[in-house]
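The values are calculated or read from the model by the stated rules, or taken from the named source; none is laboratory data. Just so you know, these numbers come straight off a predicted model, no measurement behind them. Cβ placement follows ideal geometry from the backbone for every residue including glycine, while neighbour counts extend to all protein chains displayed.
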Amino acid sequence: MQKIEAIIQPSRLDAVKDALIEIGVEGMTILEARGHGRQKGHTEFYRGREYTVDLLPKVKIELVVHDEAADKVIDTIAATARTGHIGDGKIFKSRIDEAIRIRNDERGETAL
């Protein structure tokens, strides 16, 4: 099993979610996040004053998928979230040793 964590722009969430459902992803967790990478934020003007916004809004999507599906999920997220501009996000992939469904104590890949 593989855990895929993707940090994307909030404006791309619906498209990414729909694309994942279309390829058969059954479950995902979506979190609101704030952060920055290389772009280091930006400045805005509000009522004549300049403010530095260094933590930008992002969305984090977490999924645990079968090993065989991991590359397809990563390719789908990357293709759908890509705008070609700085701040598009990152995808992280890591190994999951065990999954347990709390409701009935199913274990392993059947718990997904």
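Among the residues of the stretch 1-30 satisfying the criterion of being outside any helix (DSSP H, G or I), touching a helix residue (DSSP H, G or I) at 6+ places or on another chain (Cβ under 8 Å) and in contact (Cβ under 8 Å) with a residue 60 or more places away in the chain, which is farthest from residue 63 (Cα to Cα)?
Out of the qualifying residues, it is 9.
Determine, yes or no, whether residue 99 is of a type in the set (Gly, Ala, Ser), in contact with a Ser or Thr (Cβ under 6 Å, 6 or more places away or on another chain), touching a residue at least 12 places away in the same chain (Cβ under 8 Å) and surrounded by 12 or more Cβ atoms within 10 Å (Cβ to Cβ).
no
So which of 63, 20 ends up being in contact with a Ser or Thr (Cβ under 9 Å, 6 or more places away or on another chain), under 21 Å from residue 108 (Cα atoms) and either of a type in the set (Lys, Arg) or surrounded by 11 or more Cβ atoms within 10 Å (Cβ to Cβ) (or both)?
From the options 63, 20, the qualifying one is 63.
Restricting to the stretch 1-17, count the residues that are basic (Lys, Arg) and over 21 Å from residue 94 (Cα atoms).
Number of matching residues: 1.
Looking only at residues that are out of contact with any helix residue (DSSP H, G or I) (no Cβ under 8 Å at 6 or more places or on another chain) and part of a loop (DSSP other than H, G, I, E, B) in the stretch 61-95, which one is modelled with the highest pLDDT?
82
With the structure loaded, tell me whether residue 98 is at pLDDT 90 or above and outside any loop (DSSP other than H, G, I, E, B) or whether it fails that test.
Values: at pLDDT 90 or above: yes; outside any loop (DSSP other than H, G, I, E, B): no.
No, not satisfied.
For the list (1) of a type in the set (D, E, K, R); (2) modelled with pLDDT of 95 or more; (3) surrounded by 12 or more Cβ atoms within 10 Å (Cβ to Cβ), I need the number of the one condition that residue 109 fails.
With (1) of a type in the set (D, E, K, R); (2) modelled with pLDDT of 95 or more; (3) surrounded by 12 or more Cβ atoms within 10 Å (Cβ to Cβ) applied to residue 109, the lone miss is (2).
Only one residue in 33, 69, 78 is surrounded by 13 or more Cβ atoms within 10 Å (Cβ to Cβ), free of Cβ contacts under 8 Å to residues at least 24 places away in the same chain and among the small types (Gly, Ala, Ser), so which one is that?
Unique residue meeting the criteria: 78.
Counting just the residues of the stretch 78-112 that are hydrophobic (A, V, I, L, M, F, W, C) and farther than 15 Å from residue 2 by Cα, which one comes out farthest from the chain's Cα centre (by Cα)?
102
Could you check how many residues of the stretch 101-112 are part of a helix (DSSP H, G or I) and of a type in the set (S, T, N, Q)?
Residues of the stretch 101-112 that are part of a helix (DSSP H, G or I), as a first pass: 108-111.
If we keep only those that are of a type in the set (S, T, N, Q) too, we end up with 110.
Total meeting the criteria: 1.
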